[in-house]
Amino acid sequence: MRKIVVPVDFSPSSVKAVEDAITIAKKVTGEIGIIHVNKVNSFASMFGSHKTAENAGEVEKSMDKLVKSIDFKGIDYTTTLRTGSVNKEIAAYAEENTAYLTVIGIEPPGSNTSWLSAEAYKIISISPCPVISIPFSDKPFDLKKIILPIDTSITTRHKAPFTAELANAFRAVVYVLGTCIDESPEFVSKLEGYCYQVRKFLNQANTPNEFEFLIGNNAVKMTVEYAKTINADMIAVLTEHEPGQINFKGSVAQQMIQSSPIPILSIHKSFDVQNFEY
């Protein structure tokens, strides 16, 4: 059974993330692991105190209220309460459970109802599994069109296997998007070659796909605008560092999350790609 981890802080966006994770679990034959991390009071911890930012009894009540308010539609679920560093505890929980995916709800910019949203980038940075960050909305989660941006980095193709797997589970179409920020013949040729390889892989995986080649000077902006144009449901991106390294500031993945109105699938470049043939 594939474990889907859902961190919650009981804000509307995290509650919606649980509901969206249930939708995904039904498609991939998964189960839900809901985790809340009670942040340690850093000042008190300096003096050996275990005082925490929240009352444990109140957290248990909130978790109980949460699970009673949600229709799990027959999907198995567990709840876990931990204390410590939010991103590290969530990553550890995902590692311990060999998680298939983590789903995080993201609040709109300027909202202060979710402290978890502020931790999203750190969670993605050290996650041992792919992460879907979902902006809060009333729209039910579904995948019909997935954008797969391709650049000239050698690891750009690493997004394809997991993206294809999700696309097939939802019977979605993957839109391979060549993002050209350099019109030199060498750059264009290399980019076209990578796009061809990705489409070849998708065809072998029986994943329906389309192809678009865009020229501009900002890959993030081009991708987000293209996603809006075709009414895409998700964008798959690659994080630029190895799991375990908190070095996410300014990355393409972070820029995508900040600017995209639709969910972002973040995959580490070291994610297992043994079945991907260049």
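The values are calculated or read from the model by the stated rules, or taken from the named source; none is laboratory data. Please read all numbers here as calculations on a predicted model, not as lab measurements. Every residue, glycine among them, receives a Cβ derived from its backbone with ideal geometry; neighbour counts consider all protein chains shown. With ligands, DNA and RNA removed, areas are computed over all heavy atoms of the protein, side chains included. Shrake-Rupley method; radii C 1.70, N 1.55, O 1.52, S 1.80 Å.
Residues are listed down the side, and each one gets a yes or a no for (1) touching a Ser or Thr at 6+ places or on another chain (Cβ under 9 Å); (2) closer than 16 Å to I257 by Cβ:
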position	(1), (2)
I104	yes, yes
W115	yes, no
A118	no, yes
I147	yes, yes
Note to self: If I filter the stretch 94-112 down to residues being more than 25 Å from D138 (Cβ to Cβ) and of a type outside the set (F, W, Y), which single residue comes out as surrounded by the most Cβ atoms within 10 Å (Cβ to Cβ)?
What the structure shows: A94
Notebook entry, point to check: In the stretch 192-213, is there at least one residue being open to solvent by less than 30 Å² (accessible area, probe 1.4 Å), within 29 Å of S13 (Cα to Cα) and either at pLDDT below 95 or not polar (S, T, N, Q) (or both)?
Noted result: no
Margin query: Any residue that is of a type outside the set (A, V, I, L, M, F, W, C) and crowded, with 23+ Cβ neighbours inside 10 Å - is there at least one of those in the stretch 80-93?
Written below: no
Margin query: Restricting to the stretch 216-235, give me the number of residues that are open to solvent by 20 Å² or more (accessible area, probe 1.4 Å) and of a type in the set (G, A, S).
Written below: 2
Checklist line | Residue selected from the stretch 253-269 under the condition farther than 25 Å from N203 by Cβ and open to solvent by 60 Å² or more (accessible area, probe 1.4 Å), by the criterion modelled with the highest pLDDT | finding: P261
Notebook entry, point to check: Among the residues of the stretch 171-191 satisfying the criterion of being closer than 18 Å to V220 by Cβ and of a type outside the set (A, V, I, L, M, F, W, C), which is most open to solvent (accessible area, probe 1.4 Å)?
Noted result: D182
